[in-house]
Every structure is written in C-alpha cells, then in structure tokens.
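Read through the structure below, which is laid out as structure tokens, and then see the notes.
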Amino acid sequence: MRHATEHADVPTAELDTALRGGPFHVALRAAIAARGLPLQRVQHHLTRHGVKVGVTSLSYWQQGARRPQRPESLRAVRALEEILRLPDESLIRLLTESGEPNSAGRPSARSYRSLVEASDVLNQLQGDLGWSLDGGLHTLGHHERVRIGARRELAGLESHHIVRAHRDGVDRFLAVHHGDPGSSPRAMVVHALENCRTGRVRLDQDTGVLVAELLFGTRLRSGDTFLFRYAIEDGTAGVSREYIHPFGFPGGQYALQVRFDGAALPARCHRFTQHSPAAPRSGRHELPISGPHHSVHVVEPRIRPGLVGIAWDWE
C-alpha cells in the first residue's frame with residue numbers, strides 16, 4: 001500500500017493542486033513532468049507492469065483529448081499511480097469524480113472509494129456465510145422493483161429471480177442490498193416471499209451493506225431451474241438519488257423498475273452503465289416518467305459483468 005507520505009519526491013505545487021482538484025489530464029501531465037520522464041519511458045514502465053498502452057494514447061490522455069475508459073486503460077492508470085509515485089486512487093478518483101456539483105449541488109456519482117469499500121465488506125460477509133463465486137447458480141432472469149417513498153428515501157425493493165443450477169446440491173441464494181449513504185442495515189427487514197425462507201443475515205453498519213441467506217428448502221441438481229422472490233424494507237437513509245446493481249457474472253435478462261411516490265416525483269431520470277466501479281459512466285439515456293404509474297425502468301436482454309443503474313434529479 002502506498003501512502004501520501006511517499007508523494008514527497010514530487011513536491012511541486014502544480015502537482016499537489018492538480019491531484020486535489022483535477023482535472024485528470026492536468027494531474028497526469030503534472031505528475032509526468034514532476035518525475036521528469038519522457039512518454040517513451042512511461043510506456044516502458046507500463047510494459048514492465050504488464051500493461052500495454054501506446055505513446056500516442058498517453059499523449060492524448062495528458063492533453064485531455066481522450067480519457068481512459070477500457071479495462072486495460074484503467075489498469076494502466078492504476079499502474080501509473082505506482083510508477084509516478086502518487087497516492088493510491090489519486091488518478092482513478094479524478095476519472096470517476098469530477099468534483100463539479102450538478103444542479104442539486106452534489107457529486108453526480110457515488111465515489112469509487114465507497115463502492116470499493118462496500119465490495120470489500122461484501123466479500124467478507126459472503127465468506128462468513130460460506131458463499132463463493134456465483135454459488136453454483138446461473139441467472140436466467142432477474143426483475144427488481146425499487147420503491148422511492150414520499151420523503152424521497154429508498155423505501156424498499158422486491159426481487160424476483162429465475163436461476164439454473166450448474167452443479168448438484170445448491171440449496172440457497174445470498175441476497176445483497178447496499179443501502180444509501182447513512183442507511184442503517186440493523187433496521188432493515190428481509191421478507192422471503194415465494195419459494196424460499198430467510199436464513200442467516202449479516203450486515204455492516206458503516207457501509208450500509210446487508211446480506212441475507214435465502215434457503216430453497218430443496219437441493220437442486222445440475223440443470224434444474226428455480227424461481228424465488230424476496231423483499232427488503234429499507235427507508236433508513238435520507239434522500240435517494242440513484243439505484244445501482246452490480247453483476248459479477250454474465251447471465252440472462254435483467255429488468256430494473258424504480259417507482260416513485262406520487263407526492264415526490266423527480267425532475268428527470270436517466271439510465272447508465274459502468275464496466276467497473278473505477279470506470280466512467282456510459283450508456284446514459286433519459287427515461288420519461290410514466291404518468292399514471294410514476295415509474296421508470298430499464299431492461300438489459302443479457303447481463304454482462306459491470307454495473308447497471310438508474311439515477312434521478314430532484315428539483
């Protein structure tokens with residue numbers, strides 16, 4: 001782990017300022033200049049780290065003509081932090097957090113750090129429950145219904161899964177819920193609605209992560225399909241502005257519906273995707289709110305690893 005104290009060998013005021021406020025290309029250019037490395041040498045160091053990036057791409061990045069987006073490019077940015085002796089996540093953060101507030105006076109996305117911290121906690125909680133990889137289940141279909149309450153809070157969700165076992169003996173699923181900042185997992189309630197019952201529940205108060213074991217009551221054989229449904233009551237945080245669902249494995253169809261209370265309708269909504277928590281958001285598309293149902297939705301015909309979400313702005 002590198003620390004900010006290791007940054008003392010690049011003490012220029014320009015670099016310090018750029019790392020604090022960005023933008024990314026200015027910080028990258030200042031870091032390369034402070035180290036006194038020509039781009040060919042930077043490329044050589046990246047190659048030694050197992051990352052292939054052309055000198056032209058590096059030049060475009062530091063000019064602001066292009067931004068790293070592909071997974072390989074994001075690996076390069078992480079390697080650059082080490083090569084240029086910068087603090088952990090200093091460049092990645094500038095890619096994922098513009099630092100410019102939107103019309104609501106808040107950052108446009110959850111921070112990379114908060115998503116990574118939640119992911120680390122989730123791995124620990126899943127390990128505590130003996131869950132590894134995909135649990136022996138392949139998702140054929142997943143429909144999620146999220147409710148936003150009259151206080152603009154994430155009131156709860158209902159999740160309907162269709163899965164197929166790809167090994168013998170599978171008898172459970174781990175439901176994961178990541179509450180909004182300030183949420184209290186201790187006050188959340190898990191309801192097993194159909195073809196399952198609630199088993200062990202684990203939570204982390206700091207990150208708002210809750211993991212619940214849903215027991216099928218039967219052991220599936222490889223190739224068997226299974227349908228189950230559960231709900232989570234939340235309503236423990238403040239104003240909600242987005243809902244994100246991460247996927248670690250490919251699968252079938254995913255549908256996400258967000259329904260708003262008629263007394264608290266947002267000004268606008270849009271969908272988005274991310275290849276990873278460190279990647280910039282893409283696939284933005286405005287979503288009209290249906291009049292009688294006060295809802296918006298997205299449908300992904302095929303699940304791919306990454307994140308899918310809906311965000312909204314309040315007046």
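Rule-based calculations on the coordinates, nothing more; no lab input. The structure presented is a predicted model; accordingly, all values stated were derived computationally and were not measured. Cβ coordinates were reconstructed from backbone atoms using ideal geometry, including for glycine residues, and neighbour counts include every protein chain displayed.
So here's what we get for this one:
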| item | result |
| --- | --- |
| Simple label model, 7 Å out from Cα along Cβ direction - Leu227 to Glu72, nm | 4.4 nm |
| Euclidean distance of C-alpha centroids, segment 31-54 and segment 187-250, integer Å | 44 Å |
| The chain: relative contact order as a whole-number percent, Cα under 8 Å and 6+ apart | 16 percent |
| Per-peptide average of other Cβ atoms within 10 Å, ordering 168-179, 298-309 highest first | 168-179, 298-309 |
| Helix-only [θ]222 nm of the chain, DSSP H runs n ≥ 4, -39500 (n - 2.57) each, per residue, nearest 500 | -7500 deg cm²/dmol |
| Two-site label geometry, Glu286 and His191: point separation in nm, points 7 Å out along Cα→Cβ | 3.6 nm |
| Lys52 versus Arg304: modelled label distance in nm, points set 7 Å from Cα along the beta carbon direction | 2.1 nm |
